[in-house]
1. Pick from THR189, THR361, THR109: which is most flexible by mean-square fluctuation in a GNM of the chain where alpha carbon atoms under 10 Å apart are linked?
2. In a shell of Cβ-Cβ distance under 9 Å around THR192, excluding THR192 itself, what net charge do Lys and Arg (+1) and Asp and Glu (-1) give?
3. Local charge sum around PRO56 (other residues, Cβ-Cβ under 15 Å, Lys/Arg +1, Asp/Glu -1)?
4. How far apart, in nm, are the 7 Å Cα→Cβ label points at SER204 and THR217?
5. Excluding residues fewer than 8 places away in the same chain, name every one of the lysines whose C-alpha is closer than 19 Å to that of LYS98.
6. With +1 assigned to the C-beta of every Lys and Arg and -1 to the C-beta of every Asp and Glu, and no other charges, what is the dipole magnitude of the chain about the Cα centre in debye, to the nearest 20?
7. If you restrict to DSSP beta bridges whose two residues both lie in the chain, what percentage is antiparallel, to the nearest 5?
8. HN-Hα J couplings of the stretch 167-177 from phi, Karplus 6.51/-1.76/1.60, θ = phi - 60°, integer Hz, Gly and Pro as x?
Amino acid sequence: MSMAMAVSQPQGVLAQGRPAAGPTEVGVVALTSQDVPYTVTLPGRAVAHDQTEVRPRVEGVIEEVTYTSGATVAAGDLLFRLDTDTYTAALDAAKASKASAESTLAAATSTVTRYRKLNGVGITQSDLDTAEASLAQAQATLAASEAALKTAQLNLDRTEIRSPINGIVDLPQFSVGALVTANQSDALTTVTAIDPIYVDVQESSARMLRVRDRIATGTLKPIDPLGIVLTLETGATYQGAGTLVSPRTEVSTTTGSVDFRIQFDNPDRLILPGQFLRVALTLGTTQAILVPQRATSRSSDGSLTAFVVSDGKAKQVTLTSSGTYRNAWIVTDGVTTEDMLIVDGLRNLRAGAEITTVPVTINDDGLVEDMPGEASAPAQGTGE
């Protein structure tokens, strides 16, 4: 019976029995324009500062591998030793040839000196000319023997194969007993210098032109030196300063980008050649409005949106962002410094909902904190 009576009641009576929902309380912050770093993040690849393949310059059999793989070596450190028998014999022969040439030269010099004194007295001009020619030949022979001796000494020295640079030496590709030849195609090993190390990045030439335009118009204030932050493959920030070495002077015809090379100190070998890394370059500062990321959401079409206060109601706006800074979006369009941004109480908040505002602050971690001594206030804001 009671159920029948309830069903027979007019709908207006039931509606009158429900308490009316009041305005939604939300936390708001005033938007301000401030100097914000203009930073671009670029992918990069680590490149060795120097890398040299070590090859023999003379032929021989490897007698000894003198280094430990992975060790740090200095320029001039011995890496391989070849057999020296052939080159020692060649050096001895070259020394003997030089001694013979010196003796011949001494005899020829003495003959010319004597003939010049006796010229016209038992010695004809023809005899003197012949003696002087022999002297010149002896001088040339000595010069050739000295060059041969130098070559023999160089060849003997080259049986000791040394590191050409400071760096880390790789595994040997040949073992003791292997016959190697001068300037062969296969390297004996590789020495790589990775402290300091380079990181190569690419930047769009179009964006470079836009940055130049902004600097020219004064909307971007450049800084010198650039701010450079490197992010490792683990996501950790590298604790080392970077220095811009040089940009290339041409644009890639395939990618439309310009290559930049940045140098980092790498004493702990955390950066290795071939690693993919991310480099954040701070080019300058610009005036912009920061909108906390916690106050934004994405619409169904992917647009970045937020709520602001408008005539006591929540108004949804679409934002245009040029990047992020700390826990905020760098917004270039969609809000002004006259807007009050809703940062708290956003759950189930809809455009047009009536609201009351509570001034709050956002800490460095992006969390909302109440402002001391503030109480709820009627919603206010710019009109549409």
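Any read-out appearing in this document is the output of simple, stated calculations on the displayed coordinates, not a laboratory observation. Because the structure is a prediction, the values reported are computed rather than measured. All Cβ positions, glycine included, derive from the backbone under ideal geometry; neighbour counts span all protein chains shown.
1. THR109
2. Working: positive: none; negative: ASP50, ASP170.
For residues surrounding THR192, the net value is -2.
3. Values: positive: ARG55, ARG57, ARG81, ARG158, ARG162; negative: GLU53, GLU59, GLU63, GLU64, ASP83, ASP157, GLU160, ASP186.
Once all neighbours under 15 Å are counted, the net charge is -3.
4. 1.7
5. Counting by Cα, and skipping residues close in sequence, LYS98 has these lysines nearby: LYS150.
6. Working: 29 positive and 43 negative charges, 115 e Å.
I would put it at about 560 debye.
7. Antiparallel: roughly 95 percent of the beta bridges in the chain.
8. In residue order, the calculated couplings are x, 9, 8, 7, 4, x, 8, 9, 10, 4, x Hz.
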